[in-house]
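For reference, the structure discussed in these notes is given below.
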Amino acid sequence: MNDGSKNGRSPAQHPDTRVVTAGRDPASYHGFVNPPVYHASTVLYPSAEDYVAHRARYQYGRRGTPTTEALELALQELEGPQCAGVALLPSGLAAISAALLSVVQAGDHLLVTDSAYGPTRNFCNHILSRLGVTVTYYDPLVGAAISGLMQENTRAVFLESPGSLSFEMQDVSAIAAAAHAKGALVLMDNTWASPLYFRALDHGVDLSIQAGTKYIGGHSDVMLGTVSANAATAARLKTTVGSSGWCVGPDDVYLGLRGLRTLAVRLDRHWRSGLAVARWLEQRPEVLHLLHPAMESHPGHALWKRDFTGASGLFSVVLKPVPQKAVYALLDTLELFGIGASWGGYESLAVPFDCTAVRTATRWQPGGPTVRFHIGLEAVEDLIADLERGFAALAATT
Ligand SMILES: Cc1ncc(COP(=O)(O)O)c(C=O)c1O
């Protein structure tokens with residue numbers, strides 16, 4: 001993990017420019033545009049005295065290489081001036097667990113949004129609870145009223161906005177202000193927007209998490225997680241990650257760095273195509289409503305407009321009630337939409353989901369079957385033609 005000492009930020013530049021330039025240092029690599037992929041464990045020291053004194057720019061493969069440093073620095077620059085350090089983890093879930101382990105200990109209480117990604121809940125319920133941390137799930141729409149849920153020992157509040165299946169928008173700054181007023185830290189899974197469309201640390205978040213597996217990688221071929229820390233949390237994050245021995249393989253770090261360079265153009269396309277497909281879906285007679293924060297019809301639209309500068313290609317649809325087999329017929333007929341977990345790659349995906357069984361603080365009653373779509377980089381008209389065939393198959397089974 002880098003401590004930010006080498007970050008040459010240019011705050012005046014547009015994020016689309018910084019995503020291209022951040023963390024680059026061709027002069028250190030004989031002029032080549034990209035850093036080499038360092039496959040490395042041992043670092044050799046010039047002398048025994050240097051070894052004992054840890055006198056080396058890089059000390060050991062696990063503790064960082066020029067490849068990991070390039071990605072960390074690039075992400076730090078994108079997160080903005082509040083960012084004091086970035087850690088790389090071997091998956092998005094590992095980034096979530098590393099961030100949580102950096103801020104809670106036995107006897108503490110943690111507040112987690114009811115809309116959190118399922119495996120985040122599993123980590124809290126199975127690992128944190130075993131370590132003596134109590135967890136309460138809260139209504140994602142709680143806003144400043146989170147104060148009323150804080151206990152004497154509440155040390156952290158975890159957000160995910162929008163929820164990556166159900167798409168509730170959280171009032172991040174109101175929750176962060178209320179949490180800080182009671183001495184708690186704020187963590188957020190910011191995978192949906194990435195720091196390009198929401199700089200979480202500017203809105204009061206202390207640890208901002210991304211599943212780099214999604215849009216940073218962008219090609220469905222890498223497992224990666226990142227945690228960006230502000231000055232209040234950077235040292236603990238560094239200690240937690242460093243002491244636990246977590247690190248990412250060099251090829252995956254490189255794929256993350258390579259993906260990052262095209263993040264702005266890809267996200268822009270995911271956003272626009274996603275919105276076009278969502279607007280088309282909203283007009284369909286089979287659809288009850290859309291769960292897409294960038295649409296005016298979404299209850300969280302005002303918050304999205306206030307805080308975010310863009311949207312990704314992930315949203316959900318609530319269908320009018322039909323038997324589940326009709327939903328499966330729709331999905332099984334699609335040719336351009338794969339059926340599979342994860343998202344953020346160049347390809348479109350569609351999965352059925354149901355939050356009923358996991359919710360504990362709120363009730364999931366969308367009014368009909370729900371499907372999550374990821375809109376990839378294909379042409380919108382082809383995706384719509386595919387969906388038209390899917391809806392014909394749905395109609396044929398009802
Ligand atoms: C919102 C969100 N956060 C975190 C993760 C976990 O990422 P990974 O699969 O890299 O562990 C996912 C994966 O689907 C996700 O959707």
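The values are calculated or read from the model by the stated rules, or taken from the named source; none is laboratory data. The structure presented is a predicted model; accordingly, all values stated were derived computationally and were not measured. Neighbour counts are summed over all protein chains in view; Cβ atoms, including those assigned to glycine, are modelled from backbone coordinates with ideal geometry. All accessible areas refer to the heavy atoms of the entire protein, side chains included, with ligands and DNA or RNA removed. Shrake-Rupley method; radii C 1.70, N 1.55, O 1.52, S 1.80 Å.
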(request) Scan around residue 289 for amide H atoms under 5 Å from its own, H built in the peptide plane at 1.01 Å from N, and keep only partners 5 or more places away or cross-chain. (result) 318
(message) Which residues does the label zone of residue 60 cover in the range 19-43, counting backbone N under 14 Å from a point 7 Å along Cα→Cβ?
(response) 41-43
(message) Under the rule of at least 5 residues apart or a separate chain, name every residue whose amide H is placed under 5 Å from the amide H of residue 40.
(response) none
(request) Tell me the label-point distance for the pair residue 106, residue 49, using the 7 Å Cα-to-Cβ offset, in nm and rounded to one decimal. (result) 4.5
(request) Report, in whole Å, the centroid distance computed from the Cα atoms of the range 261-318 and the range 103-164. (result) 27
(message) Only bridges whose two residues both fall in the chain count here: according to DSSP, what percent of them are antiparallel, nearest 5?
(response) 60
(request) Report the residue, chosen from 74, 95, 361, that carries the largest GNM mean-square fluctuation when the chain is represented by alpha-carbon nodes joined by springs under 10 Å. (result) 361
(message) Can you list residues from other chains, or at least 5 along the same chain, whose modelled amide H is less than 5 Å from the amide H of residue 138?
(response) 112, 113, 114
(request) Could you tell me how many degrees, from 0 to 90 and to the nearest 10, lie between the Cα long axis of helix 380-396 and the main elongation axis, the longest principal axis, of the Cα atoms of the chain? (result) 50
(message) Between helix 66-79 and the chain, what is the angle of the helix's C-alpha long axis to the longest principal axis, kept within 0 to 90° and rounded to the nearest 10?
(response) 60
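Rounded to the nearest 500, what is the 222 nm mean residue ellipticity of the chain from helices alone, with -39500 (n - 2.57) per DSSP H run of 4+ residues and division by all residues? Write down the numbers at each step before the final one.
Values: 13 runs with 133 residues, N = 398.
Computed ellipticity for the chain at 222 nm equals -10000 deg cm²/dmol.
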(message) Over the chain, with the other protein chains present, what is the accessible area per residue in square angstrom, probe 1.4 angstrom?
(response) 42
(request) Could you compute the FRET efficiency for residue 177 and residue 265, with r as their C-beta to C-beta distance and R0 at 41 Å, rounded to 0.05? (result) 0.75
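Can you send over the carbon and sulfur percentage of the accessible area for the chain, probe radius 1.4 Å, protein chains only? List each step's numbers first, then the result.
Working: 9120 of 16530 Å².
Answer for the chain is 55 percent, counting heavy atoms of protein chains only.
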(message) With θ taken as phi - 60° and the coefficients 6.51, -1.76 and 1.60, list the Karplus ³J(HN,Hα) couplings across the range 339-345 in order, rounded to whole Hz; mark glycine and proline as x.
(response) 10, x, 6, 6, 5, x, x
(request) Springs between alpha-carbon atoms under 10 Å, Gaussian network over the chain: tell me which of 31, 61, 217 tops the mean-square fluctuations. (result) 31
(message) Residue by residue through the range 99-114, what is 3J(HN,Hα) from phi via Karplus (6.51 cos²θ - 1.76 cosθ + 1.60, θ = phi - 60°)? Round to whole Hz and write x for glycine and proline.
(response) 5, 5, 5, 6, 10, 10, 9, 3, x, 8, 10, 10, 9, 10, 4, 5
(message) Below 13 angstrom from the Cβ of residue 294, what's the summed charge of the other residues (Lys, Arg +1; Asp, Glu -1)?
(response) 0
(message) What are the ³J(HN,Hα) couplings of the range 203-211, residue after residue, when phi is run through the Karplus curve with 6.51, -1.76, 1.60 and θ = phi - 60°? Round to Hz, x for glycine and proline.
(response) 9, x, 6, 8, 9, 10, 10, 9, 7
(request) Among the aspartates and glutamates, select those whose C-alpha is under 14 Å from the C-alpha of residue 214, and discard any that sit fewer than 8 residues away in the same chain. (result) 189, 252, 347
(message) With a cap of 16 neighbouring Cβ atoms within 10 Å, and only residues DSSP puts in a loop, list the chymotrypsin sites (Phe, Trp or Tyr not before Pro) found in the range 60-145.
(response) none
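What do you reckon, how do 160, 69, 388, 152 stack up by accessible area (1.4 Å probe), largest on top?
Details: 160 5, 69 30, 388 90, 152 180 Å².
Per-residue accessible area, sorted high to low, gives 152, 388, 69, 160.
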(request) Measure nothing but the geometry: give the 0 to 90° angle between the long axis through the Cα atoms of 172-181 and the longest principal axis through the Cα atoms of the chain, rounded to 10°. (result) 50
(message) Can you tell me the length gained on complete extension of the stretch residue 396 to residue 280, counting 0.36 nm per residue apart and subtracting the Cα distance?
(response) 39.7 nm
(request) Specify which residue in the list 211, 67, 149 is farthest towards the positive end of the charge dipole of the chain, using unit charges on the beta carbon of Lys, Arg (+1) and Asp, Glu (-1), about the Cα centre. (result) 149
